[in-house]
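Report on the structure given below.
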Amino acid sequence: MSRYLLDKFLFTVDRDPELVERYRTDPVGLVEWWEAEMANRILGATTGEQSTWLAFTDDEREALRTHDHVALFGMGAHPFLTLTLFIAMFERDHGPMEYQRAYGAALAHVTLPYPDIST
């Protein structure tokens with residue numbers, strides 16, 4: 001499991017409106033493409049530097065494909081990254097603050113200590 005890779009996915013997708021829409025409409029395709037094309041790119045690199053070893057686990061891939069923010073939180077994905085991305089994808093389908101309340105309610109069962117969200 002790589003909290004870094006989960007957070008990197010959430011961070012990079014959230015910052016690109018086209019990727020947000022692709023993730024909303026085709027999460028399976030976007031996750032597959034991102035893992036193949038973006039996972040091993042070095043953040044901030046301008047020369048095409050890449051690593052070669054980063055990949056999602058099957059559980060991470062499934063949680064990303066199904067937009068399962070509760071499972072992602074349990075795996076250590078940072079909750080602010082999932083919240084901001086998921087607001088960008090789903091808030092338009094709900095009334096004011098309705099999505100945010102549903103997001104919080106889905107995590108209401110989680111008690112301290114929270115999963116480690118450090119990277």
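The values are calculated or read from the model by the stated rules, or taken from the named source; none is laboratory data. These numbers come from a predicted model, not from an experiment. Counting neighbours? That spans all protein chains shown, and the Cβs are built from the backbone with ideal geometry, glycine included.
Of all residues being modelled with pLDDT under 90 and assigned to a helix (DSSP H, G or I) in region 1-22, which is surrounded by the fewest Cβ atoms within 10 Å (Cβ to Cβ)? Just the residue, please.
Ranking the qualifying residues of region 1-22, first place goes to Tyr4.
Hey, can you tell me all the residues within region 1-29 that are basic (Lys, Arg) and touching a residue at least 12 places away in the same chain (Cβ under 8 Å)?
If the condition is that a residue be basic (Lys, Arg) and touching a residue at least 12 places away in the same chain (Cβ under 8 Å), then Arg3, Lys8, Arg24 are the ones that fit.
Going through region 59-78 one residue at a time, which ones are closer than 22 Å to Pro17 by Cβ and either modelled with pLDDT under 95 or assigned to a helix (DSSP H, G or I) (or both)?
Of everything in region 59-78, those that are closer than 22 Å to Pro17 by Cβ and either modelled with pLDDT under 95 or assigned to a helix (DSSP H, G or I) (or both) turn out to be Leu64, Arg65, His69, Leu72, Ala77, His78.
Pairs under 9 Å by beta carbon, first residue without any contact (Cβ under 8 Å) to a residue 40 or more places away in the chain and over 14 Å from Gly74 (Cβ atoms) in region 92-111, partner assigned to a helix (DSSP H, G or I) and among the β-branched types (Val, Ile, Thr), six or more apart or different chains?
Tyr99/Ile87; Gln100/Ile87; Tyr103/Thr82; Tyr103/Ile87
Please specify each residue of region 53-74 satisfying the condition of being buried (at least 19 other Cβ atoms within 10 Å of the Cβ) and within 19 Å of Met38 (Cβ to Cβ).
Hits for region 53-74 are Phe56, Glu60, Ala63, Leu64, Leu72.
Among (1) surrounded by 13 or more Cβ atoms within 10 Å (Cβ to Cβ); (2) at pLDDT 90 or above; (3) closer than 22 Å to Tyr103 by Cβ, where does Thr25 come up short?
Tallying (1) surrounded by 13 or more Cβ atoms within 10 Å (Cβ to Cβ); (2) at pLDDT 90 or above; (3) closer than 22 Å to Tyr103 by Cβ, Thr25 fails exactly one: (1).
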